[in-house]
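*Asks:* Handing you this structure, nothing more for now.
The values are calculated or read from the model by the stated rules, or taken from the named source; none is laboratory data. Note that this is a predicted model, so its numbers are computed, not measured. Note that each Cβ is placed from the backbone with ideal geometry, even for glycine, and that neighbours are counted across all protein chains shown. When the accessible area is computed, the model is the full protein with side chains, heavy atoms only, and any ligands, DNA or RNA have been set aside. Shrake-Rupley method; radii C 1.70, N 1.55, O 1.52, S 1.80 Å.
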Amino acid sequence: QVQLVESGGGLVQAGGSLRLSCAASGGTFSSYGMGWFRQAPGKEREFVATITAGGISTGTADSVKGRFTISRDNVKKTLYLQMNSLKPEDTAVYYCARAHSRGSGYRLSDYAYWGQGTQVTVSS
């Protein structure tokens, strides 16, 4: 039974920073790629960043490139998303997900398990 629990969301001012965490339990965390997605009100869930099982960040959405960084700690079984220079348009529920394999992915269908999400609100 795989469980993913996000934390670290909250309310921040534009230009601020926030670090999201995703704690994994069950399964073998170090054997799978991971990803972050987000969903704003009235919009579809969109890709943010992905990382391979070995810790290689292979892709970041253009909208967050240069501002967000994905990383993982396979000993702590935790996925991270460092968010800097936050903008109001970054406001969304952020979800972490585990891929079907060791590789990374950009599509929703590339992922097998999802966390419950954590709210990030950026005020202007």
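*Asks:* Kindly check whether there is at least one residue in segment 76-92 that is aromatic (Phe, Trp, Tyr) and either touching a residue at least 40 places away in the same chain (Cβ under 8 Å) or closer than 16 Å to Tyr113 by Cβ (or both).
*Replies:* So the first thing to find is which residues in segment 76-92 are aromatic (Phe, Trp, Tyr), and the list is 80.
When the remaining residues are screened for being either touching a residue at least 40 places away in the same chain (Cβ under 8 Å) or closer than 16 Å to Tyr113 by Cβ (or both), the result is 80.
Yes, some residue in segment 76-92 is aromatic (Phe, Trp, Tyr) and either touching a residue at least 40 places away in the same chain (Cβ under 8 Å) or closer than 16 Å to Tyr113 by Cβ (or both).
*Asks:* Would you say Tyr113 is of a type in the set (Ser, Thr, Tyr), closer than 16 Å to Glu6 by Cβ and open to solvent by 40 Å² or more (accessible area, probe 1.4 Å)?
*Replies:* yes
*Asks:* Could you list all residues from segment 54-75 that are touching a residue at least 12 places away in the same chain (Cβ under 8 Å) and not in a loop (DSSP other than H, G, I, E, B)?
*Replies:* Within segment 54-75, Ser57, Thr58, Gly59, Thr60, Phe68, Thr69, Ile70, Ser71, Arg72 meet the criteria.
*Asks:* Out of the residues in segment 6-16 that are assigned to a strand (DSSP E or B) and over 24 Å from Ala53 (Cα atoms), state the one that is nearest to the chain's Cα centre (by Cα).
*Replies:* Per the criteria, the residue is Gly10.
*Asks:* Only one residue in Ser124, Ser71, Ser63, Ser104 is exposed (fewer than 14 other Cβ atoms within 10 Å of the Cβ), among the small types (Gly, Ala, Ser) and either closer than 21 Å to Ala40 by Cα or within 13 Å of the chain's Cα centre (by Cα) (or both), so which one is that?
*Replies:* Ser124
*Asks:* Against the definition (in contact with a Lys or Arg (Cβ under 9 Å, 6 or more places away or on another chain), in contact (Cβ under 8 Å) with a residue 60 or more places away in the chain and assigned to a loop (DSSP other than H, G, I, E, B)), how does Ser104 come out, yes or no?
*Replies:* no
*Asks:* Name the single residue that is surrounded by the fewest Cβ atoms within 10 Å (Cβ to Cβ) among those in segment 17-53 being part of a loop (DSSP other than H, G, I, E, B) and either small (Gly, Ala, Ser) or touching a Pro at 6+ places or on another chain (Cβ under 8 Å) (or both). Spell out the reasoning first.
*Replies:* Initially, segment 17-53 is screened for residues part of a loop (DSSP other than H, G, I, E, B), giving 17, 26-28, 32-33, 40-45, 52-53.
Remaining after also requiring either small (Gly, Ala, Ser) or touching a Pro at 6+ places or on another chain (Cβ under 8 Å) (or both): 17, 26-27, 33, 40, 42, 53.
Numbers: Ser17: 11, Gly26: 12, Gly27: 16, Gly33: 23, Ala40: 14, Gly42: 5, Ala53: 20.
Per the stated criteria, the residue is Gly42.
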